[in-house]
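Take a look at the structure below.
The values are calculated or read from the model by the stated rules, or taken from the named source; none is laboratory data. Computed from a predicted model, the values in this text were never measured in an experiment. Virtual Cβ from ideal backbone geometry, glycine too; neighbours counted across all protein chains shown. SASA here: full protein model, heavy atoms, side chains in, ligands and nucleic acids out. Shrake-Rupley method; radii C 1.70, N 1.55, O 1.52, S 1.80 Å.
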Amino acid sequence: SLKANIGKYRFNNVLLNAAGIRCATTDELTKILHSTAGGCVTKSATPQPREGNESPRMKATPMGCINSMGLPNHGLDYYLKFAEENQDKNDNQVILSIAGLSVDQNLEMLHKIQDSSFTGLTELNLSCPNIKGESQIAYDFEAVRDILTKAFKFFKKDIGIKLPPYFDLHQFDQIAAVLNDFPIAYVNSINSIGNGLVVNADTESVVIKPKGGFGGLGGDYVKPTALANVRGLRLRLKPEIAIIGTGGIKSGRDVFEHILCGANVVQIGTAFGFDGVSIFDRISKELKEIMAEKGYTSLDDFRGKLKTL
Ligand code: DHB
């Protein structure tokens, strides 16, 4: 079976959408809940609705995509209402993603969630690369410690942290040392690789408008970096912290690789954007075929069991 769990939260399928892709409206979210996926993740919310950056702000390429959306979303109240109304039906989880533009905005949203009837997982996104003038919070380890210290003083529900990719093993040590001091349910690695630049040689131009063309990369570009982050964090985080693997998944084989590196659950962003909800059927089938070939009956049979040479 492809069942998975994060602590007490059960998922009837290991596949979820990644925040940001086809998950901004209740229509899109309902489609995911009615699909083969094990649940849905909401577009990262801010306290108030936002229009986001100017268009064009996303561009597909043969290897993936680049985007600088700038957090267009309907505001926390909209997603919190959907989450309250649809939470945990038949092990189909709703994960509520939030991305405040400041510590205070994040704490304000966590207070609202704490005071709500929502009992599911909240994903605190500390890694949005596309807000003009802002840096990605999770590259500042003391800022992460500060926000988590403030949050856990009053937030008694379960929380996951969406992390950016790290590129130096010392960064893995540093973020793990901070996260291991808190009762975090999971980390989600990785968000897009921030501030890439796609160039069109024909037009001699960038391909998206915001930030002079700089934007977050997803798709084939990011898979090895994602696998390194899942593996690097699994080797360093305390066992009570689960890992969601996100980055470069477009086949059952990619999911298998993420789970070998230690992922408990995985999320699909760019490829879900290309294919829509049918991707959850195809990838489930491909993953089951690989498992059958290898004689595995559950994801636990191979999770984290990557061999080294
Ligand atoms: C956006 C992009 C991200 O990678 C993210 O984590 C949050 C928001 C965006 O541009 O909307």
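Every condition in (1) in contact with a helix residue (DSSP H, G or I) (Cβ under 7 Å, 6 or more places away or on another chain); (2) assigned to a helix (DSSP H, G or I); (3) more than 16 Å from the ligand (Cβ to nearest atom); (4) in contact (Cβ under 8 Å) with a residue 60 or more places away in the chain holds for MET109 except the one numbered (3). Among the residues of region 130-161, just one is in contact with a strand residue (DSSP E or B) (Cβ under 7 Å, 6 or more places away or on another chain), open to solvent by 10 Å² or more (accessible area, probe 1.4 Å) and within 16 Å of the ligand (Cβ to nearest atom), namely GLN136. Please work out if LYS288 is assigned to a helix (DSSP H, G or I) and of a type outside the set (Asp, Glu). Answer is yes for this residue.
I'd like the full set of residues that are open to solvent by 30 Å² or more (accessible area, probe 1.4 Å) and either closer than 22 Å to VAL187 by Cβ or within 16 Å of the ligand (Cβ to nearest atom) (or both), limited to region 68-101. Within region 68-101, MET69, HIS74, TYR78, GLN87, ASP88, ASP91, LEU101 meet the criteria. Scanning region 163-199 for residues that are within 22 Å of SER97 (Cα to Cα), outside any loop (DSSP other than H, G, I, E, B) and open to solvent by 10 Å² or more (accessible area, probe 1.4 Å) yields ILE193, GLY194, ASN195. So, LYS250, is that one touching a strand residue (DSSP E or B) at 6+ places or on another chain (Cβ under 8 Å), basic (Lys, Arg) and either part of a strand (DSSP E or B) or open to solvent by 20 Å² or more (accessible area, probe 1.4 Å) (or both) or not? For LYS250, the condition - touching a strand residue (DSSP E or B) at 6+ places or on another chain (Cβ under 8 Å), basic (Lys, Arg) and either part of a strand (DSSP E or B) or open to solvent by 20 Å² or more (accessible area, probe 1.4 Å) (or both) - is met.
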